[in-house]
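The block underneath contains the structure these notes are about, expressed in structure tokens.
Where a number appears in this text, it was derived from the coordinates with a stated rule and is not lab data. Please read all numbers here as calculations on a predicted model, not as lab measurements. Every residue, glycine among them, receives a Cβ derived from its backbone with ideal geometry; neighbour counts consider all protein chains shown.
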Amino acid sequence: MATVNKRTNRLLAGLGVLSISSFLVPAVMFMAAGMAPTFVAAAIDRRAERFRTLCVGGLNFLGVLPFTVQLVSDGHTFEMAFSLLGNTWIWLAILSSAAVGWAIFAVVPTVVALLYVQHLQRRITRLQQRQGRLTDQWGPEVTGADAQPGDG
């Protein structure tokens, strides 16, 4: 039953997108061209989480969106869409936003790993200090360093 509902919902969503996009052909064409970096990221992203696609796609969409709004509000014609696609400054903005997404994907995991290593080093230091205090309080026998195997 759940799969039928999912299939029905996907079909209805697809029909809705198709019907809306048929009225917005110049905008859909412009967005499809502008979202090329996202399509590349999706094609090479093999992980199930799709982090690369999310990073690049989200920022690429933010780079395309203002120009799509401009296209829709200033006439929404194929001539206007081709004019926007031929503007190098618009391409610079769109591709720069996608590049920021690529940079985030490349840099953030390294930064998170470094912060996590620092956290673990601080935790090790605190545990060693606590171990030292316990050794001072209970004596060196609690460390188990002088115990022989089988003394259990």
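Sequentially through segment 83-93, phi angles give Karplus couplings (6.51, -1.76, 1.60; θ = phi - 60°) of 5, 5, 5, x, 8, 5, 5, 5, 5, 4, 5 Hz, Gly and Pro residues having no value and appearing as x.
Kindly provide the helix-only [θ] at 222 nm of the chain, computed as the sum of -39,500 (n - 2.57) over DSSP H runs of four or more divided by all residues, to the nearest 500 deg cm²/dmol?
Estimated from H runs of four or more residues: -28000 deg cm²/dmol.
Of the trypsin sites (Lys or Arg not before Pro) found in segment 1-106, those in coil by DSSP whose Cβ has at most 16 other Cβ atoms within 10 Å are R46, R47, R50. Computed from backbone phi with θ = phi - 60° and the Karplus coefficients 6.51, -1.76 and 1.60, the 3J(HN,Hα) list for segment 115-130 is 5, 5, 4, 4, 4, 5, 5, 5, 5, 4, 4, 5, 5, 5, 5, 5 Hz; x is used for glycine and proline. Contact order for the chain, expressed relative to its length and based on alpha carbon pairs under 8 Å spaced 6+ residues apart, stands at 22 percent.
Computed over segment 24-106, relative contact order equals 41 percent, with contacts defined as Cα pairs under 8 Å that lie 6+ residues apart. Close amide H contacts of R50 (hydrogens built in the peptide plane, cut-off under 5 Å, sequence separation of 5 or more or a different chain): none are found. Computed from backbone phi, the HN-Hα couplings of segment 134-144 come to 5, 5, 5, 6, 9, x, x, 5, 6, 6, x Hz, rounded to whole numbers (Karplus: 6.51 cos²θ - 1.76 cosθ + 1.60, θ = phi - 60°; Gly and Pro given as x). Taking the 0 to 90 degree range and rounding to the nearest ten, how far is the long axis of helix 51-73 tilted relative to the main principal axis of the chain, both from C-alpha atoms? Helix 51-73 and the main axis of the chain meet at about 30 degrees.
Rounded, prolate or oblate, given the Cα gyration tensor of segment 1-54, with a/c below 1.5 counting as rounded?
Oblate, since a/c reaches 1.5 and b/c is not below a/b.
Given in Å, the Rg to one decimal and the Dmax to the nearest whole number for the Cα atoms of segment 24-106 are 13.2, 41.
Computed on the chain, the Cα convex hull volume stands at 239 Å³ per residue. Taking the C-alpha atoms only, the angle from helix 25-34 to the longest principal axis of the chain is near 40 degrees. Each of T125, T68 was scored by other Cβ atoms within 10 Å of its Cβ. Arranged with the fewest first, they read T125, T68. Simple rule: put +1 on each Lys or Arg Cβ and -1 on each Asp or Glu Cβ in segment 43-146, find the dipole, and look at W102, A81, A113; the Cα lying farthest toward the positive end is A113. In segment 106-148 the Cα-Cα distances spread across 10 Å bins starting at 0 as 26, 29, 21, 16, 8 percent of all pairs.
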